[in-house]
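As structure tokens, the structure follows; a few thoughts come after it.
All of the numbers you see were taken from the coordinates with simple rules; none came from a lab. Fair warning: this is a prediction, and the values are worked out from it, not measured in the lab. Positions of Cβ are generated from backbone atoms using ideal geometry, with glycine treated the same way; all protein chains shown enter the neighbour counts.
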Amino acid sequence: MTDRSSDSSRPESRLIFEKSRPGRKGYSLPRLDVPPVDPLQTLPKDLVRTDPPELPELSEPEVVRHFVNLSVKNHHVDRGFYPLGSCTMKYNPKIGEELARLPGFTQLHPFQPEQTVQGALQLMWELGQLLLEIVGLDAITLQPAAGAHGEFTGISIIRAYHESQGRKRRKILIPDSAHGTNPASTTLSGYLSVKVPSNRSGTIDLYRLKDLVDDDVAGIMITNPNTLGIFEKEIDQVIEIIHDKGGLVYLDGANLNALIGISRPGDCGFDIVHFNLHKTFSTPHGGGGPGSGPIAVTERLARFLPVPVIEKGDGYHLNYDRSDSIGKVHSFYGNFLVMVKAYAYLRMLGPEGLYDVAKASILNANYLIQSLKDDYKLPYPCFCMHEGVLSGSGLKAFGVRTLDVAKRLLDFGFHAPTIYFPLIVSEALMIEPTETESIETLEDFITAMKRIRKEAETDPERLKKAPTQTPVRRLDEVKAARELNVRYQG
Ligand SMILES: *Cc1c(COP(=O)(O)O)cnc(C)c1O
């Protein structure tokens, strides 16, 4: 492959403004069918611009090539394998995008009278019912905009519940394998986040948990399967210990694709669950949204849900009249078009299809982890659920780190797995293939990982220099965060 990064003479390296030529057009407007007016006669003077806007001027093929070239400079799931652990970067069917673009959805206005948006309300209500059936709980809000926002909403409900019982509690327990958003949303909500250690099998240590539970514990936030990809086998006991002390149990449902159709959190005794519609239920993500993080709760917590709640009676109705509600957590009703995609996905797959999703996600992850466990260490040796965690700590002997493995993978056309998380594994490589990958893709990835393992021994310098085949080479990551500069520099 030729070196593309330093060659600014290549058209794909030039900014769209550099490609611009005065008068070049990629559109034509229809002939004016109303009398022309002088804007200076009809608009306030200070609203009328004096200079034309500085927009690039290009023909349609130039615009298309510009953006197609840009779109492959970065890695994405439509381009190749993206095994980023904890993120569920699966392929999202394009039909979801098509449906979310129907004018009947995109041209709705949030201030429209209820009777004119019955279809949208019906879709949201039915989506809610499907999600409740999947987790086995009683009531739901679709408002939160992401998983972390669901956590914030859930913790607000935990607070409202305890206050309704006339008690103030200050602590939320969180296992040490948890995603960073768990302690962050807990702290943001004004609670003290208390770490629960894991035992040697990578699950919650029941003895330590019992020591930590007291009358000041408002609840526990658990990810299951946890971020090691391990199912918490003693979950019923964990839940009982918390419930016995009057606390509530929150499930971080980011890993729901391992459970759907197999096990229902509500049946295990969870009180609150969040969904990441943009992970499990098919909305592309990774660029910062929009996402959707609905939360489902048990009957006794339903009265605290944010307003409005969608109700079905004679038609669909938005109920704002709920005195115990924690209030609103998002403008209007949340990110509606993400809900459209999730609804389409659920209706398309049906119960059997969702069960297949869970089975395939687990099979794929175990195939990868078992194929690689002799080349990389498996710190918690067991079968995993939809993702697994390896360790690159054995490569340190060759002066190679997990970061180098991740960078070298880019040269082979793969996105790197999540690295250095969860924190309880040194040199962690957290791999989530997802259910949408074929065995051939998995084999290609395994081959690349094994080759990198060999290179660590025979040619460690090559790993330290990687990537060499990407438009941008290895970045100074601290500098990139501190002095962000997004302009192309040839
Ligand atoms: C992604 C993720 C979150 C946060 O969800 P967002 O939608 O990104 O806010 C929380 N917990 C786990 C385990 C996750 O993977």
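For the range 146-185, take every pair of Cα atoms, bin their distances at 10 Å starting from 0, and report each bin as a whole percent.
Going out from 0 Å in 10 Å bins, the range 146-185 shows 28, 49, 22, 1 percent.
Using a cut-off of 17 Å between alpha-carbon atoms, which aspartates and glutamates can reach K25, once sequence neighbours fewer than 8 places away in the same chain are excluded?
E54, E57, E60, E62
Near K90, which lysines are there with a Cα under 20 Å away, not counting those fewer than 8 places off in the same chain?
List returned: K73, K279, K341, K359.
Determine by what factor the alpha-carbon radius of gyration of the range 114-251 differs from 2.2 N^0.38 Å, reporting the quotient.
Dividing the Cα Rg of the range 114-251 by 2.2 N^0.38 Å gives 1.16.
Kirkwood hydrodynamic radius of the range 357-482 from all distinct Cα pairs, in Å?
When all Cα pairs of the range 357-482 are included, the Kirkwood radius is 14.9 Å.
Can you order the peptides 423-433, 216-226 by their average number of other Cβ atoms within 10 Å per residue, highest first?
Result, highest mean first: 216-226, 423-433.
Could you point to the residue in A148, Y380, S391 farthest towards the positive end of the chain's charge dipole, with +1 and -1 charges on the Cβ of Lys/Arg and Asp/Glu respectively?
Working it through, the farthest residue towards the positive pole turns out to be S391.
What ranking do S361, S164 get, fewest neighbouring Cβ atoms within 10 angstrom at the top? Before the final figure, lay out the partial values.
Details: S361 27, S164 13.
In increasing order of surrounding Cβ atoms, one gets S164, S361.
Select from H75, F111, S20 the residue farthest towards the positive end of the dipole of the range 1-113; place +1 on Cβ of Lys and Arg, -1 on Cβ of Asp and Glu, and compute about the Cα centre.
Result: H75, furthest along the dipole toward the positive end.
Just tell me, in residue order, which DSSP H segments of the chain are both 20 angstrom or longer along the helix axis (alpha-carbon based) and at least -1.0 in mean Kyte-Doolittle hydropathy. Mind showing how you got there, number by number?
Working: long enough: 118-135 (26 Å, 0.89); 147-164 (25 Å, -0.16); 336-372 (40 Å, 0.67); 439-458 (28 Å, -0.54).
Long hydrophobic helices here: 118-135, 147-164, 336-372, 439-458.
Over all directions, average the projected area of the Cα convex hull of the chain and note it in nm².
Average projection, Cα convex hull of the chain: 29.1 nm².
With +1 on each Lys and Arg Cβ and -1 on each Asp and Glu Cβ, and nothing else charged, work out how big the dipole of the range 75-136 is about its Cα centre, in Debye to the nearest 20.
280 debye
Determine the calculated [θ] at 222 nm for the chain from helices alone, applying -39500 (n - 2.57) to every DSSP H run no shorter than 4 residues and normalising by the residue count; nearest 500 deg cm²/dmol.
That calculation yields -11000 deg cm²/dmol at 222 nm.
Report, ordered by chain and residue number, the lysines lying within cross-link reach of K168, taken as a straight Cα distance under 27 Å and ignoring same-chain residues fewer than 8 apart.
K195, K210, K245, K328
Report relative contact order for the chain in percent, whole number only (criteria: Cα-Cα under 8 Å, sequence separation at least 6).
Relative contact order for the chain comes out at 19 percent.
Can you compute the equivalent ellipsoid semi-axes for the range 11-71, i.e. the square root of 5 times each eigenvalue of the Cα gyration tensor, sorted largest first and rounded to whole Å?
On the way: eigenvalues 198, 50, 16 Å².
Semi-axes from the Cα gyration tensor: 31, 16, 9 Å.
Under the Kirkwood approximation for Rh and a Cα-based Rg, what ratio Rg/Rh is obtained for the range 94-348? If you can, show how the numbers build up before the last one.
On the way: Rg = 18.1 Å, Rh = 18.6 Å.
Ratio of gyration radius to Kirkwood radius for the range 94-348: 0.97.
Using alpha-carbon positions, what is the distance between the centroids of the range 220-296 and the range 103-155, in Å?
19 Å
Evaluate the charge dipole of the chain about its Cα centre and quote only its size in Debye, nearest 20, assuming +1 on the Cβ of each Lys and Arg and -1 on the Cβ of each Asp and Glu.
In total the dipole reaches around 1340 debye.
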